[in-house]
Amino acid sequence: MIGNNRVIQASGLSGPIPSGIALLEKLTDLRISDLNGSESTFPLLDNMNKMKTLILRNCNINGTIPDYLGNMTILKILDLSFNKLSGKIPSNLAGLSKVDYIFLTGNKLSGTVPDWLLKEGENIDISYNNFTVENSGALSCQQRSVNLFGSSSESNNS
């Protein structure tokens, strides 16, 4: 415990993330990276609404991004990069438009890039996914502070 923060940090352990972690409702900072082991679904963290930092980077997580993450309104850092997450970015993640950093890099996310990410988002990296380009025109690799490089499934040689 650091000050009033309740912190867990781990790297290089064998996974998956244990389901019992959901019992730590007062946790404010969860940082797990580079888990070894088999793929697993996103851990159930819906009661952890005191979370300020959620980093689950390269943890072999598959499936979709859970809707409840949009309710973590005091979150400052969300890093779910280098997993195997698929599907669309849930619409209620728009509740995270004030988050300082969002990293969804290197997953299998698809669909269109939500408007709130392009218009309100700051310090966001959604590169290396499988997003489609809307008919309104092609996306550039960088819009405001949103990194879209390699995110489009349209042919792009840039």
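The values are calculated or read from the model by the stated rules, or taken from the named source; none is laboratory data. Just so we're clear, the structure is a prediction, and the values are computed from it rather than from any experiment. Neighbour counts are summed over all protein chains in view; Cβ atoms, including those assigned to glycine, are modelled from backbone coordinates with ideal geometry. Just so you know, the surface numbers come from the protein's heavy atoms only, side chains and all, with ligands and any DNA or RNA stripped out. Shrake-Rupley method; radii C 1.70, N 1.55, O 1.52, S 1.80 Å.
Side notes on the structure shown:
- Fraction of antiparallel bridges per DSSP, the stretch 1-139 only, in percent to nearest 5: 5
- Ranked packing of 24-32, 11-19, most packed first, by mean Cβ within 10 Å: 24-32, 11-19
- Rg/Rh for the stretch 7-147, where both radii come from Cα atoms and Rh is the Kirkwood radius: 0.96
- Estimated from the Cβ-Cβ distance and a Förster radius of 35 angstrom, the FRET efficiency linking Leu23 and Glu122 is about 0.60.
- Amide H contacts of Thr132: Gly111, Thr112, Val113, Ser153, each under 5 Å away and 5 or more positions distant or on a separate chain (H built 1.01 Å from N in the peptide plane; Pro and chain starts excluded).
- Surface share of carbon and sulfur [accessible, 1.4 angstrom probe, percent] for the stretch 7-147: 49
- Environment charge at Leu27 (Cβ cut-off 11 Å; Lys +1, Arg +1, Asp -1, Glu -1): +3
- Shown are Phe42, Phe103, Phe82, whose ranking by accessible area with a 1.4 Å probe and every protein chain present, most to least, is Phe82, Phe103, Phe42.
- Pairwise label distance in nanometres, Ser97 with Thr112, each label 7 Å out on the Cα-Cβ vector: 1.6
- With protein chains left intact and a 1.4 Å probe, residues in the stretch 7-147 average 49 Å² of accessible area per residue.
- Residues Lys108, Lys76, Lys98, ordered by accessible area of protein heavy atoms at a 1.4 angstrom probe radius and largest first, appear as Lys98, Lys108, Lys76.
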